[in-house]
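We did not get these values from a lab; they are worked out from the coordinates using the rules stated. If you're wondering where the values come from, they're calculated on a predicted model, not measured in any experiment. So basically every Cβ, Gly included, is an ideal-geometry build from the backbone, and we count neighbours across all protein chains shown.
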Amino acid sequence: MSLLVTKELVKYFGDTHAVDHVNFTVKHREVLALIGSNGAGKTTLVNLISGLFPPDRGQILFRDRDVTHESVHGRIEAGIARSFQLVNLFDQLSALDNIALTIFSRDHKTKKLVSLASADGAVWDEAYEVLRLFGLDAKARMLAGGVSQGERKLLDVAVAYALKPKLLFLDEPTSGVSTREKAPIMDTVTSVVRSMGISAAIIEHDMDVVFNYSDRIVAMHQGTILADGTPDEIRRNEAVRTTLIGTADAH
Amino acid sequence: MEVLLIHLVNALLYASVLFLIAGGLSLIYGVMRIVNLAHGNLYAFGAYVTAWAIGGVAAGAPSSLLLVLLPAGAFAAAVLGAALEPTLLRPFYKRAEEYQLLVTFGLLMILEDLLRFIWGPYPLSASELFENFGSLTIGDSLYPTYNFLVIGVGIVAAVFLWAFIYKTRFGVVLRATSQNMRMASALGVNVNRVYVQAFTLGCFMAGLGGAIVVPGQSAVLGMGVDALVLAFIVVVIGGLGSLEGALVGALIVGVVREAGIAWFPEIELAVLYLAAAIVLLVRPAGLFGRP
Amino acid sequence: MSTPAVAASAIAREAGSLRHVFRWALPVAVILLVVPWIVPQYTAILLTYGLIMAIGALGFNLLLGYTGLLSFGHSAYFGVGAYVVALMVKYLRVGSMELFLLGAIVGSVIVTAVFGFVCVRYTRIFFGILTLALSQVLWSLAFKFFWVTGGTDGLRVPTPSLLAGLATGTGDKTDFMSHTYYYYVLVIFFACVVLMWVIVNSPFGKALQAIRDNETRAEFVGVQIWRYRFVAFLVSGVFTGLAGALWVPLNGLTTPDIMHWTFSGEIVFMTVLGGFRSFAGPIVGAIVFNYLKTYAVGYTVYWQLLLGAVLVALVVSLPTGIVGTAERLAARWKKGS
């Protein structure tokens, strides 16, 4: 049984077939890379699954439950979370606050109007623990807007992780980050994900990252899935090589 | 039958003025993504200037002269707009949107009192021109001929604007800037100049609305905010940023208001708000709007 | 550092900031408590007006400073509070302040819920003009139904009895207002300040700030945006409605102009004057503004012009308002010494 299954998922933007009858699956406890040139439909697929907008046709089944018309809130409750390509944080709150808020929201504690947030020690404990997992504990008190780009990327993932999802979508977690910083970020992310038994689907352009960190690779092109297999299988796949030449890092 | 015709003409009259105000608002938003809360006061400013020109300064002059002076309010509003954009608005494009709203709200308050300061607290009328036009007989009733002038101006303005935006080079530049400011700038468009020109044009339209309406009704304090709220209803229905939307919205509001006056005179404004609320619920971006 | 220790230190830091707050708040509270004994009656009454406006501004700023929604129609809720009290006097022959407050809260909740339902689906300019438009509708209704509301003449409200009849204004009215009523308002003011402080520092308050900072991400951490904005709107409106209810017995009269957009503009102004990005900003701004208005109105009839020009000047050069600028200067002075 797969964790996530999409059936003939379709999304058109005017004449553009952004996602064209896509049957995409994510299994339990796997790290999957979603690759493809710009405009292949990767982000649109993630947007559809995470609930940013509804599909034109098709179904999304998460843990055997139809979430196609579920709200963003509902999907988060079900266990789907995502990070963003362009870092999306609460810049005027501290790193710790960013995570704590996520936990408050996850535990439905944000409904509390007349109790002090600082009084809930358990939430702050857990928030700090999440930061520590991602190596950000030293920056706990700094404003999210003020830490380095690499740290912001990690924080973005940490916020999504703090929702305790079963499936985590990461949209280009290493983009905009220097090559030197990429490996530590991916090491951290994949170790956290694997140790917690979460599945992660990572949109990535950096082929190094893709081949080194994923269990399975799904290649998209012009809205459809071109290939789906292990890194070795994908490496040998002619169609993938032809369409991604020039867009992949030269290796 | 004639009664229906009169209602229709009234609706068109109202729609013409609203189109000018709301169209200006939409144009500015479409190009610059800002909404000037003081926009209604530019309409009021146009009304006051024209009322002063044809009702005060040139009172008693022949109609032809008064007609020539009629657009004075539009030009005055345009000049005011051209002065305001680079000084008060441009510094805030890059800042948080609350500041933009606060500045234009401050501007609204300043203009409101400026009108009182210059022209006093009493209504300013310029009915001479209105009366000189006489009236037509429609069925059993007499209908002011001047109103047809207003409708005419509205139609001409709509056509002119459409031609200007879709058929001229400046229009192309305007549309390009509104769709992608950065790209337009990279292609060599002087965005600052386009902005001030678009803003001036929008203010001209609002001022023109005030100018043509004032012979039929006096310029009063508070007309600016009333106009702002009505223009808002128009763009809610038609969609902010779209001239077709402003046109359609103005027509709908004109018709609904006229229907309201005819059948539910007590709650005329409420009927309008209800119509706007229904549109908002069904199509939050308006009929032609873009988010 | 082990996690419980860090969490503990985080709480300690919050408590520390609480201590910091007390360092300012306590002396101010003491001063407020002794005011009627050390200043002339007129000044005490002026301060009462200021405290009432501060409650209203505090409510307004929950929306602006903490949720990022700029309302141009808060005069509506102030007016609802005031008119509910006046109507209770007119039709129910009620004279108890506590009943007035209760009625005002109920009235504010209803109106705010209806207006909020419509308004919070939108943000920024749409939200702003929508709030303006709705308050104008209410204002025009106050005129239209003049047989109920007294039209431009308004409705009179006599001195109420406080604390279920314990304190009645049977003596000199000015004396009553500058002493007994002042303390009544002061207690409610303290309660409102504490309540609002807890709200903005609650998990709910953090969610609001998240929505303000990044609506998309807030949604994607599971915050249902509309609901939170709606509740914030509700709380905001009720605080302002409460202010209106406290205001009308002091003023003795309520007229439609307190529901006009110009009064909304004053609420916006006083909050920006004090600094809308801080908790105390609206309080300081309201009290200062109220004081200034009383003197300025005597000098010029072009009050709107003055307000508008100062508002623009504030936004251009002192966007953090009095409190923000004071904090910045204090930090610089501390660094220098």
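With a 10 Å cut-off around each Cβ of C:116-127, the average count of Cβ atoms from other chains is 3. Working note: Karplus 6.51/-1.76/1.60 with θ = phi - 60° gives the stretch B:7-14 the couplings 4, 4, 5, 4, 4, 5, 4, 4 Hz, where Gly and Pro are set to x. Judged by the mean number of other Cβ atoms found within 10 Å, the most tightly packed of the peptides C:162-168, C:213-219 leads the ranking C:213-219, C:162-168.
Placing unit charges on each Cβ (+1 for Lys and Arg, -1 for Asp and Glu) gives the stretch C:24-258 a dipole about its Cα centre, and among C:Leu70, C:Thr240, C:Val194 the Cα reaching farthest toward its positive end belongs to C:Leu70.
Residues whose amide H comes within less than 5 Å of that of A:Asp56, counting only those at least five positions distant or on another chain, are A:Val10, A:Lys11, A:Tyr12 (H built at 1.01 Å from N in the peptide plane).
Between the Cα long axis of helix A:121-133 and the first principal axis of chain A there is an angle of about 40°, rounded to the nearest 10. Judged by the mean number of other Cβ atoms found within 10 Å, the most tightly packed of the peptides A:216-229, B:247-260 leads the ranking B:247-260, A:216-229.
Peptide C:221-231 has a mean of 5 when you count, residue by residue, the C-beta atoms of other protein chains within 10 Å of its C-beta.
A convex hull fitted to the Cα coordinates of the stretch A:174-247 yields 102 cubic angstrom per residue. Given the stretch C:24-258, report the % of alpha carbon pairs whose separation exceeds 23 Å. That fraction is 50 percent. Shape analysis of the stretch A:1-46 yields a ratio of the Cα radius of gyration to the Kirkwood radius, Rg/Rh, of 1.01.
With the cut-off at 1.5 for a/c, could you classify the stretch A:137-187 from its C-alpha gyration tensor as rounded, prolate or oblate? In terms of gyration-tensor shape, oblate.
Three semi-axes describe the equivalent ellipsoid of the stretch B:14-110; taken as square roots of 5 times the Cα gyration tensor eigenvalues and ordered largest first, they are 30, 14, 10 Å. Comparing B:Tyr99, B:Tyr14, B:Tyr43 in a Gaussian network model of chain B (Cα springs below 10 Å), the most mobile by mean-square fluctuation is B:Tyr99. For chain B, the longest principal axis of the Cα atoms and the long axis of helix B:223-238 meet at an angle of about 70 degrees. Placing +1 on the Cβ of every Lys and Arg and -1 on the Cβ of every Asp and Glu, with nothing else charged, gives chain C a dipole about its Cα centre of roughly 700 debye.
Per-residue mean of foreign Cβ neighbours for B:227-234 is 3 (Cβ atoms of other chains, 10 Å radius). Packing-based ranking of C:31-40, B:44-53, B:67-76 yields B:44-53, B:67-76, C:31-40, ordered from highest to lowest mean Cβ neighbour count within 10 Å. Phi-derived couplings, Karplus 6.51 cos²θ - 1.76 cosθ + 1.60 at θ = phi - 60°, listed residue by residue for the stretch A:26-36: 10, 8, 5, 6, 10, 10, 10, 9, 10, 10, x Hz, with x used for Gly and Pro.
Our compactness index for the protein assembly as shown, the C-alpha radius of gyration over the empirical 2.2 N^0.38 Å, is 1.06.
Between the amide H of C:Leu253 and those of C:Val157, distances stay under 5 Å, these residues lying 5 or more places away or on another chain, with hydrogens modeled in the peptide plane. Over every Cα atom in the stretch B:24-222, the radius of gyration and the widest Cα-Cα span, Dmax, amount to 18.5, 62 Å. Given the stretch C:219-262, report the % of alpha carbon pairs whose separation exceeds 14 Å. Of all Cα-Cα distances in the stretch C:219-262, 65 percent exceed 14 Å. Taking a ≥ b ≥ c as the square roots of the eigenvalues of the Cα gyration tensor, the stretch C:224-293 is oblate, since a/c reaches 1.5 or more and a/b is not larger than b/c. Relative intensity of the stretch A:16-122 on a log10 scale, I(q)/I(0) at q = 0.13, 0.16, 0.20 Å⁻¹, equals -0.65, -0.89, -1.18, per a Debye sum over C-alpha point scatterers of equal strength in the absence of solvent. One compactness figure for the stretch B:186-259 is 1.34, namely its Cα radius of gyration divided by 2.2 N^0.38 Å. Here's the picture: charge each Lys and Arg Cβ at +1 and each Asp and Glu Cβ at -1 in the protein assembly as shown, and of B:Tyr43, A:Pro184, B:Ala72 the one pushed furthest to the positive end of that dipole is A:Pro184.
Mean silhouette area of the stretch B:88-137, derived from the convex hull of its C-alpha atoms and averaged over all directions, reads 6.5 nm². Short-range pairs are left out: with C-alpha atoms under 8 Å and at least six residues apart, the relative contact order of chain B is 37 percent.
Greater than 26 Å separation of Cα atoms is the criterion. Which listed pairs, C:Lys293/C:Lys334; A:Lys139/A:Lys182; C:Lys90/C:Lys173; A:Lys111/A:Lys164; A:Lys42/A:Lys112, meet it? Beyond 26 Å between Cα atoms: C:Lys293/C:Lys334; A:Lys42/A:Lys112. 3J(HN,Hα) along the stretch B:92-107: 9, 4, 8, 9, 4, 5, 4, 5, 4, 4, 5, 5, 5, 5, x, 4 Hz, from the Karplus curve 6.51 cos²θ - 1.76 cosθ + 1.60 with θ = phi - 60°, whole Hz, x for Gly and Pro. About its Cα centre, the stretch B:24-222 has a charge dipole of approximately 980 debye under the convention of +1 per Lys or Arg Cβ and -1 per Asp or Glu Cβ, with nothing else charged. Here the stretch B:1-78 and the stretch C:74-101 have alpha carbon centers that stand 42 Å from each other. Residues whose amide H falls under 5 Å from that of A:Leu93, counting only those 5 or more places apart or on a different chain, are A:Ala144, A:Gly145, with hydrogens built in the peptide plane. Dipole magnitude for the protein assembly as shown: about 1440 debye, using +1 per Lys or Arg Cβ and -1 per Asp or Glu Cβ, origin at the Cα centre.
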